[in-house]
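Any read-out appearing in this document is the output of simple, stated calculations on the displayed coordinates, not a laboratory observation. The shown structure was predicted, so the numbers you read here are calculated from the model rather than taken from an experiment. When we count neighbours, we look across all protein chains shown, and the Cβ atoms used for this are built from the backbone with ideal geometry, even at glycine.
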Amino acid sequence: MKYNVYIRKDENIPQQQIDWINANIESISKKENVLFVFQAENEALLITDSGIYISNGSAKRNIRYSEIDQVNISGNVLLELVTINSGLHSIVFVTPVDKAKFFQVLEMLIDNYKNNIQTTFEDTHKIFLEFTVLKYPPKQLQHKLPQVYLKQFGYLDGEQWNVSIFQKDEKFSRQKSIGSFTVETNVFDIESDDDRFPRMFESFNSDLENNYHDMLEDISNNSVISEITWEILVQFTPNMMVRSDYWRKFVGNILNSPNKKNFLDITVSVLTSSFKELQELKKKHFYKVLNEGDVTQSKLNKTLLLFSNYIFYRLTTLDLVILESPEEQMFFTSDNPVNFKANQKEGKMGLYSVDTEIYFPISKKYLAYFHHQDSDLESPLRKLKNKGVYQIEKVLTEDEYNELVKEKIINAADKLIIAPGKMDFRIEE
């Protein structure tokens, strides 16, 4: 007997439900083809080519496809089966995506049954296999600061990677495991019945992280930033911005302010090439969802993805240089690693101008610096050739370097500062 079991919760299917399935599956399989078992929120669903067997411990029910008159989607996680005798059974699913995909499979099962078409294990498995979000756990630990980034500032303690941190208002350091540092459950999730979207943010994060080591190796081996490294950095920089609490709060506050509409218009404007196109885009469903109603975490994440794209678009117009730190004075970073300085002139609005500059420690050895070549601001860094890799001691004095670390990195921290390597200290009163 070949069938799949889709376990959709952190805890396994309750033993009482497993016992019922084990006790009945053989007799059921003699009468009809068993296709899969699916874990809903409160019950286990055993699905055959002829009907649904439902077990939630005390109650057992068998609903035949010939009995089902209507299937209704109700709310984010609820599916209602209306039978021909007006009986109603509601199934609560673990996630909205589970509900959407189960509905799709159930439609196929009912149609095939009514048209005398045999449904096979492969038929249902194909739909679930294409539904890639089923491969993710409903509760996923997601890193605001990725582990691949933290390792660049961390140290090994046995087999565990740690980082040295201290809070801005404290006078002593702490040691934290990077596996649990800045971790939050489902913080980047997006609510959607479309299987492409719920983990889109997290998937985009992972795709960029996969290129991080290659980028650093390329920088260390060359005195000029290659095109591929430039492409990675102009994408990774805004990604690291929108993952931080600082920028999440920044955008969330704007979405809850009278400036919301202007902010959304500016953010999505880079997707269009004319005012007319922008007005047409604002009629689309996704824009109305963002612009109307309460600001949820899901809506914030959708906006942050668009905001990240806006920053990326702006970064492509800036010059970029890489600064290499001295071995004995490596870079710090923080829980707000990208210091985006708008440097707007008095009376101007927005995040971007010719005076915009970005300081981003990409490792304890290297810092990325973006700036506009037409700015009149005085700085020795603005005199450096675009896409060059420079040793700090050759372009800054020791005082200038110390000021850069203090003012542009440490002071940019939201709450936590991350030291390079292992650092144990306590300042006595």
Query raised in the report: To the nearest 10 degrees, how steeply does helix 227-243 sit against the main Cα axis of the chain, on a 0 to 90 scale?
Result: 70
Query raised in the report: With all pairs of different alpha carbon atoms counted, what Kirkwood hydrodynamic radius in Å does the stretch 162-265 show?
Result: 17.0
**Report entry** Distance between modelled label sites at Asn291 and Glu227, nm, 7 Å Cα→Cβ extension
**Finding:** 3.8
Query raised in the report: What is the extension gain from His213 to Asp19, computed as 0.36 nm multiplied by their sequence separation minus the C-alpha to C-alpha distance, in nm to one decimal?
Result: 65.0 nm
Requested in this report: Any chance you could give the angle, 0 to 90 degrees and rounded to 10, that helix 200-209 forms with the longest Cα principal axis of the chain?
Outcome: 50
Report summary line: Taking Cα atoms, the helix 121-130 axis meets the longest principal axis of the chain at an angle in degrees (rounded to 10) of 20
Requested in this report: At 7 Å along the Cα-to-beta-carbon direction for both Ser180 and Tyr155, put a label point, then send me their distance in nm to one decimal.
Outcome: 2.0
Query raised in the report: Taking the chain as the region of interest, what is the percent of Cα-Cα pairs per 10 angstrom bin, listed from the shortest bin to the one with the maximum distance?
Result: 4, 18, 23, 19, 16, 11, 7, 2, 0
Query raised in the report: Which value in Å does the Kirkwood hydrodynamic radius of the stretch 1-117 take, with 1/r averaged over all unlike C-alpha pairs and then inverted?
Result: 14.5
Query - Cα-centred dipole magnitude for the chain, charges only on beta-carbon of K, R (+1) and D, E (-1), debye, nearest 20 - result: 840
Requested in this report: Hand me the tally of lysine pairs in the stretch 4-135: alpha carbons under 20 angstrom apart, and the pair either on different chains or 8 or more positions apart.
Outcome: 11
Query raised in the report: Roughly what would the spin-label model give for Gln391 and Glu191, points 7 Å off Cα along C-beta, in nm?
Result: 5.6
Requested in this report: Place the peptides 234-246, 305-317 in order of packing, highest mean first, counting for every residue the other Cβ atoms within 10 Å and averaging per peptide.
Outcome: 234-246, 305-317
Requested in this report: Grab the beta carbon distance between Ile7 and Asn411, set R0 = 51 Å, and tell me the FRET efficiency rounded to 0.05.
Outcome: 0.60
